[in-house]
Amino acid sequence: MKLYQNEISSATSRVRIALALKGLMAEALPVTILGENSESRQAGYRSINPQGLVPALLTDSGVLITQSLAIVEYLDEIKPEPPLLPDTAEGRAQARSIALAIAAEIHALLPPRIGLHLGKVFQADADAITAWNRHWVGEGMAAVEAMIAGHRQGAFAVADQPGIAEIFLFPQAISARRLGFDLARWPNIAKIVARLEAIPAFQENAPAPRQ
């Protein structure tokens, strides 16, 4: 397998964590994502992934899978152990709800292409873009905290083993901390992240800081 990735990308981090938990290997193919001239915005990469996003996974059979949730669930299907989804229908739905609350409602508003658009169309400077990011991260993480608090029974967000919910939560929480948030404002998230930081698959595959 080959993984088109960027180390600052929290979406890439999700897939790298899943690969590590599964004990699977993928050749890393770096793609730059910052700035007008990033590789992700060029025709060469767009011919591979029309969205121009990372990550994208090229399977051993030559099929390209995009979107981190689809990739993580693919990895869970080709190597079922350890499972990344709970064993009940309700648990699986709850885990996916948390993952999508992060991927579709928080992270979707934060990628470099959003900042570029805010700057070009609305003349937003770096401080304004940071304020935009902080607003949506703060609002979104508060909602995720409430979601977790409403049904948390085990050591992690949904169960006693980390899975898809934590794979999506961890990189977003690390990014929130780098934006200046104290995770203690979200007690359940803070406890879960502290446990995840002790697990090599998570700690070693956190998104890298932006330079």
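The values are calculated or read from the model by the stated rules, or taken from the named source; none is laboratory data. All figures in this text were calculated on a predicted structure; none of them were measured in a lab. Positions of Cβ are generated from backbone atoms using ideal geometry, with glycine treated the same way; all protein chains shown enter the neighbour counts. The accessibility values were calculated without ligands, DNA or RNA, using every heavy atom of the protein model including side chains. Shrake-Rupley method; radii C 1.70, N 1.55, O 1.52, S 1.80 Å.
May I ask you to order 204-210, 23-29 by the average number of other C-beta atoms within 10 Å around their residues, highest value first?
204-210, 23-29
If the reach is capped at under 21 angstrom between alpha carbons, list the lysines near K2, excluding any in the same chain fewer than eight residues apart.
K22, K79
Rounded to a whole number of µm²/s, how large is the Stokes-Einstein D of the chain at 4 °C and 1.567 mPa s, given Rh as the Kirkwood radius over C-alpha pairs?
Roughly 74 µm²/s, to the nearest whole number.
Can you list the residues of the range 161-180 with backbone N under 17 Å from a point 7 Å past the Cα of A28, pointing along Cα to Cβ?
Correct set: 171.
Before rounding to the nearest 500, sum -39500 (n - 2.57) across all DSSP H runs of length at least 4 in the chain and divide by the residue total; then give [θ] at 222 nm in deg cm²/dmol.
Mean residue ellipticity at 222 nm (helix-derived): -16000 deg cm²/dmol.
Pick from A194, A159, A143 the residue whose mean-square fluctuation is largest in a GNM of the chain, springs joining Cα atoms under 10 Å.
Result for the chain, Cα springs under 10 Å: A194 fluctuates most.
At q = 0.11, 0.12, 0.13, 0.23 Å⁻¹, work out log10 I(q)/I(0) for the range 1-108 with the Debye formula, treating every Cα as an identical point scatterer and leaving solvent out; two decimals please.
-0.36, -0.42, -0.49, -1.33
Which log10 I(q)/I(0) values, to two decimals, does the range 1-56 give at q = 0.23, 0.26, 0.30 Å⁻¹ under the Debye formula with one point per Cα?
Calculated log10 I(q)/I(0) at the listed q: -0.85, -1.02, -1.23.
What is the local net charge at P80, summed over the other residues whose Cβ is closer than 12 Å to its Cβ (Lys, Arg +1; Asp, Glu -1)?
Local net charge: -3.
Which three numbers, in whole Å and largest first, are the semi-axes of the equivalent ellipsoid of the range 124-168 derived from its Cα gyration tensor as √(5λ)?
With the √(5λ) rule applied to the range 124-168, the semi-axes are 30, 11, 5 Å.
Could you provide, to the nearest whole Å², the per residue accessible area of the range 67-131 with probe 1.4 Å?
Value for the range 67-131: 56 Å² per residue.
Using only the Cα atoms, work out Rg/Rh for the range 92-211, with Rh taken as the Kirkwood radius, to two decimals.
Using Cα coordinates only, the ratio equals 0.99.
Using only alpha carbon pairs under 8 Å that are at least six residues apart, calculate the relative contact order of the chain and give it in whole percent.
About 25 percent, as a whole number.
Near L3, within a Cβ-to-Cβ distance under 9 Å, what is the net charge of the other residues, with Lys and Arg +1 and Asp and Glu -1?
Result for the neighbourhood of L3: +1.
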